[in-house]
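The values are calculated or read from the model by the stated rules, or taken from the named source; none is laboratory data. Nothing here was measured: the structure is a model prediction, and the numbers come from that model. All Cβ positions, even for glycine, are placed from backbone atoms using ideal geometry, and neighbour counts span all protein chains on display. Calculation scope for accessible area: heavy atoms of the full protein, side chains included, ligands and nucleic acids excluded. Shrake-Rupley method; radii C 1.70, N 1.55, O 1.52, S 1.80 Å.
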Amino acid sequence: MSKHTKQIASFIANLTSEAISADVRDRTLMMIKDGSAALLAAANSSYSTGRTIAAHVQALGGAPQSGVVGHGFKTNAVQAALANGTMGYACDIEPHHPEAILHPIAIMTPVAMALAELEGASGADLIAAVAIGCEIEYRVSMAIGPAQQYALGFHPSSVCGAFGAAAASAYLLGLDAGAVERALGLAACQASGLMAWESDPTENARPFQMGLAARNGVTAALLARDGFGGPAEIFDRAHSPLGAFGRQTNPDKLTSGVGVDWDGIMELAIKPYSCVSFLHPGLDALLDLATTYDIKAEQVEKLTIRFPKSGIHCVEDNPLKSHSAPYILPVTLARRRLEVADIFVDARVDDPEVATLCKKVDVVADEGELEQLFPDYYATEISIHMTDGRKLSARKDIARGYPETPMTESELDAKFATLVGSVAPERVQTLSDTIDDLPNAPNINSFATLMTASVGR
């Protein structure tokens, strides 16, 4: 019997921040910075997700161990992880992993913040915790099979995120290999996440999935620290999460190259658009066409998006604005941009141009070349039938912000300033500098204080 669980547990228990290479550390810090801006922006009181989840954990009470981002109070580490994990994915503009179909930074930054505050850990240890959490979440998703999870109605980010959160927490708590193994088993007992959130137009249930993963992973590690028992060798015995959440599994992906390869962090992509990542290549293609041909909304007779059949259920007239191609594409074409507010405020209500365009969108499932590339690529073809008879088409396989097509430093700075500035403009530069200095920080107090302080909206 392969001992994948024990190998992973040993890796987590024996990792040190010094063992994280400079390129992995720098990439992780870049993702923490981008994800922190998205997390803080979600504390905007105009958005019901952050407002409601923060009020919920505050009403429950708890020892003031870890801050709730943007709301000016502390609660226990488990509740903070729940609230911040939920807000981490609320704006849908945080880093993601295209191949594994994950949103790990939305989970790992809140988890690492909560336990680094609790334990008085250094900035370097926070970075290492995020890196290891992302890596374990990625490996679990790839072992189960991300497309298989989607086909069965499970949300990979939530299911696999619980294991990543447990790994990040176990690292910060300094658990030995036996306790890490128990933590992974306890995370498996809690792993959950149905794609049922697609029917919730409030956009609350969608990010709640990340909050659950964060909460469950922190709970698992804290219980393991306290001696609570858990399933042994969870990835190797009967009733493994691999068999529960997948059908064509590959257990060797859990451990192959572990400690050497860091694809879970190095292959993360940064989002330029506030919407589901499946639509990003299509948005790039759409904006290329709009710019090249100076397309006006009134010139469009029909707008068609062709997308892989295995993922089309997620974007085909989804009740969630953030996941609905017939909403996101028209907003972007009409305004030449897409903003966080567009997924919380329905542009169709007050913008007749957008409302008209929304009625002209066709979403077509591809069963050929695009489908074969999924989920490694979210290859998309956009076609615009113009009122003058022209048909304009463009295809994109890799979106801007992927490691292969990175955003520029100025683009990243502008994104950070826009997101943080949307709720705390006076905090933009100080927060940026504080995050940049995390590798040298003896603790995360300054970072936590800036993130926790109440925002202006």
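Would you calculate a helix-derived [θ] at 222 nm for the chain, using -39,500 (n - 2.57) for each DSSP H run of n ≥ 4 and dividing by the full residue count, to the nearest 500? If you can, show how the numbers build up before the last one.
Working: 21 runs with 237 residues, N = 457.
Estimated from H runs of four or more residues: -16000 deg cm²/dmol.
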message = Give the aspartates and glutamates whose C-alpha is closer than 12 Å to that of residue 74, dropping any in the same chain fewer than 8 places away, or say none.
response = 117
key: Environment charge at residue 255 (Cβ cut-off 12 Å; Lys +1, Arg +1, Asp -1, Glu -1)   = 0
ask   = Hey, with R₀ at 56 Å, roughly what FRET efficiency would residue 23 and residue 350 work out to, going by the Cβ-Cβ distance, to 0.05?
value = 0.75
note = Spelling it out for residue 302: with amide H atoms placed in the peptide plane at 1.01 Å from N, the residues 5 or more places away or on another chain with amide H under 5 Å from its amide H are 385
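Quick check on my link table: of 3/271; 271/396; 296/321, which ones sit more than 25 Å apart, alpha carbon to alpha carbon?
Over 25 Å apart, Cα to Cα: 3/271.
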Per-residue HN-Hα couplings for segment 278-290 [Karplus 6.51, -1.76, 1.60; θ = phi - 60°; Hz; x = Gly/Pro] = 4, 8, 5, x, x, 5, 4, 5, 4, 5, 4, 5, 4
query = Starting at 0 and stepping by 10 Å, how many percent of the alpha carbon pairs of the chain end up in each bin?
reply = 5, 23, 32, 25, 12, 3, 0, 0
remark   = Computed over the chain: longest principal axis from alpha-carbon atoms vs helix 409-421 long axis, angle to nearest 10 degrees, is 80 degrees
request  = Quick one: what are the phi-derived ³J(HN,Hα) couplings along segment 90-97, Karplus 6.51/-1.76/1.60 with θ = phi - 60°, whole Hz, x for glycine and proline?
outcome  = 5, 7, 6, 9, 8, x, 9, 10
ask   = Over the heavy atoms of residue 404, what accessible area does a 1.4 Å probe trace out, to the nearest 10 Å²?
value = 120 Å²
query = Per residue, how much accessible area does segment 367-451 have with a 1.4 Å probe, in Å²?
reply = 50 Å²
query = What lysines sit close enough to residue 302 to cross-link, taking a C-alpha to C-alpha distance under 18 Å and skipping anything fewer than 8 places away on the same chain?
reply = 359, 360, 391
ask   = Ignoring ligands and nucleic acids, what accessible area does residue 208 show with a 1.4 Å probe (Å², nearest 10)?
value = 80 Å²
key: Burial ranking of peptide ranges 309-322, 191-204, 81-94 (average Cβ count within 10 Å, highest at the top)   = 81-94, 309-322, 191-204
task = Stick to the Cα atoms of segment 164-214, pair each with every other, and give me the Kirkwood hydrodynamic radius in Å at one decimal.
result = 12.3 Å
query = Cα to Cα, under 24 Å, and not fewer than 8 places away if on the same chain: which lysines meet these conditions relative to residue 6?
reply = 253
ask   = Against the longest alpha carbon principal axis of the chain, how many degrees, from 0 to 90 and to the nearest 10, is the axis of helix 77-88 turned?
value = 20 degrees
query = Taking Cα atoms, how many degrees apart are the long axis of helix 22-41 and the longest axis of the chain, rounded to 10 and kept between 0 and 90?
reply = 70 degrees
key: Solvent-accessible area, 1.4 Å probe, carbon plus sulfur percent, for segment 105-231   = 57 percent
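Please list 33, 359, 396 from largest to smallest accessible area, probe radius 1.4 Å, with all protein chains kept in place.
Values: 33 35, 359 175, 396 65 Å².
Ranking 33, 359, 396 by accessible area, largest first, yields 359, 396, 33.
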query = log₁₀ I(q)/I(0) of segment 231-359 at q = 0.14 Å⁻¹, via Debye over equal Cα point scatterers, no solvent, to two decimals?
reply = -0.74
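What order, most packed first, do the peptides 218-230, 133-145 have when packing is the mean number of other Cβ atoms within 10 Å of each residue? Write out the running numbers ahead of the final one.
Working: 218-230: 19.9, 133-145: 28.8.
Answer by packing, highest mean first, reads 133-145, 218-230.
Could you give the length gained on full extension between residue 387 and residue 414, defined as 0.36 nm per residue of separation minus the Cα-Cα distance, in nm?
Values: separation 27, 0.36 × 27 = 9.72 nm, distance 3.60 nm.
My answer for the length gained is 6.1 nm.
What accessible area per residue, rounded to a whole number of Å², is obtained for segment 127-248 using a probe radius of 1.4 Å? Spell out each step's value before the answer.
On the way: 3460 Å² over 122 residues.
The answer is 28 Å² per residue.
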